[in-house]
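A short worksheet on the structure shown next.
Since every read-out is calculated from the coordinates, none of them should be taken as a lab result. Just so it is clear, the model here is predicted, and its values are computed rather than measured. Positions of Cβ are generated from backbone atoms using ideal geometry, with glycine treated the same way; all protein chains shown enter the neighbour counts.
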Amino acid sequence: MRLSIFFPVLIALICLTASISYSLKPEREYRAIPSDYGIIYEDVTFKTADGLSLKGWFFPAQDASGIANNIIGRVIPVPQELKCKPREYNAKYQEKRATIIICDGDGGNMTYFIFYAYHFFAKGYNVFTFDWRGFGGSSDWPVDQDLLCYSEFLTDYDAAIDYIKRRPEVDTAKIGVLGFSTGAYLSFGMAVKRNDIAVYCGRALMTSFNDLVPIVNKLDSSRTFKAPVDYPAELLPINSAKSMNKPAYLIVGEKDVRTPSWMSENIFKLLKGPKELWIVPGAEHGGRNGPDMYNYPEFFVRVGAFFDKYLIVQK
């Protein structure tokens, strides 16, 4: 199926500006929800092992008919006169399929990944997005905005994976994860420690907090950024890459100053399984000059082909 939309780079995904903060910057309000665009989805809530409630959106595989293709990622929020009539989620979407989990970075909420989800559910994948504790509609959590991450996000990620494995639409042998920046190393940790993750794709992956913290403190000398003291050292990409034997695709902007390309290159050298590395010429860390926008639509063509190769999506 051919997508019927092209997003001008300058306009597209103004929303992704929420993802380029140097530390935690959650948004509670959903400035847009999938039904605004005519997308079929289910709004769900699930529990973590420590008793918190997390909010998620499950997108079944669907074609682009009935969707306002011309405004996804370009119009946030959606004016009332442009909103589509909500479309019912029903049993015909419960066929087992490969599923891609897309997680938040360090800012915003899952509103900003509706655009991402579109490019994969329209190819025949189920897609699941969710919000960390303290983000979006998930449970309250005290957020220190000088902290790069909370180790508890790993607990949240475990809960998200466990949740989708219980859904009748999900082929549990074909689950892929996709993350950006903070979401990239959290997804990497999940792919390393869990046997039920089949494929990993990460954009702007760090090596370790020891490498990252000095960089972000130099980029904004008015702040004192810090790493979580209890983050499992064995899950840091530089420590766990040698044990990663699953297909992995690393993407980084050539001009990324937060997670420079040498980080992805160093991890790539250590990976033992099938692997690909794309250093995107001229691209930066995120925002309108991130690899996804700077090289749109090539970014989604390449990532989609990678998932197709290893998850073998049903047409």
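Using only the alpha carbons of the range 19-130, determine the length spanned along each of the three principal axes and report them from longest to shortest in whole angstroms.
38, 33, 21
GluC sites (Glu not before Pro) within the range 203-308: which are DSSP loop residues with at most 15 other Cβ atoms inside 10 Å?
For GluC sites (Glu not before Pro) across the range 203-308 that sit outside H, G, I, E and B with at most 15 neighbouring Cβ atoms in 10 Å, the list reads GLU254.
Over all distinct Cα pairs, what is the inverse of the mean 1/r for the chain, reported as the Kirkwood hydrodynamic radius in Å?
Every distinct Cα pair counted, the radius reaches 19.3 Å.
So how tilted is helix 182-193 from the main axis of the chain? Cα-based, degrees 0 to 90, rounded to 10.
90 degrees
Rounded to the nearest Å, what's the spacing between the alpha carbon centres of the range 245-315 and the range 32-84? Just the number, please.
When both Cα centres are located, 25 Å separates them.
Helix 152-165: angle to the longest alpha-carbon principal axis of the chain, degrees 0 to 90, nearest 10?
Between the helix axis and the principal axis of the chain, the angle is about 30 degrees.
So for the range 158-315, what are the equivalent ellipsoid semi-axes in whole Å, largest first, each being the square root of 5 times an eigenvalue of the Cα gyration tensor?
Equivalent ellipsoid semi-axes, largest first: 26, 20, 14 Å.
Debye sum, Cα scatterers, the range 224-285, no solvent: what log₁₀ I/I(0) at q = 0.13, 0.16, 0.30 1/Å?
-0.40, -0.59, -1.14
Ordered by packing density, taken as the mean number of other Cβ atoms within 10 Å over each peptide's residues, highest first, how do 26-37, 222-233, 164-175 rank?
Descending mean neighbour count gives 26-37, 164-175, 222-233.
In whole angstrom, and with the biggest value first, how far do the Cα coordinates of the range 159-223 range along each principal axis?
Projected onto its principal axes, the Cα set of the range 159-223 covers 49, 18, 16 Å.
Where is the GNM fluctuation largest for the chain (alpha-carbon springs, 10 angstrom cutoff): LEU147, LEU205, LEU219?
LEU219
Can you give the helix-only mean residue ellipticity at 222 nm for the chain, where every DSSP H stretch with n ≥ 4 adds -39500 (n - 2.57) and the sum goes over all residues, rounded to the nearest 500 deg cm²/dmol?
-7000 deg cm²/dmol
DSSP loop (so not H, G, I, E, B), at most 11 other Cβ within 10 Å: list which GluC sites (Glu not before Pro) in the range 37-89 pass both filters.
Passing sites in the range 37-89 are GLU88.
Applying 1/(1 + (r/R0)^6) with R0 = 45 Å to the Cβ-Cβ distance of ASP158 and LEU82, what FRET efficiency is obtained, to the nearest 0.05?
0.75
Output the 0 to 90 degree angle, nearest 10, between the alpha-carbon long axis of helix 261-270 and the longest principal axis computed from the alpha carbons of the chain.
Helix 261-270 and the main axis of the chain meet at about 90 degrees.
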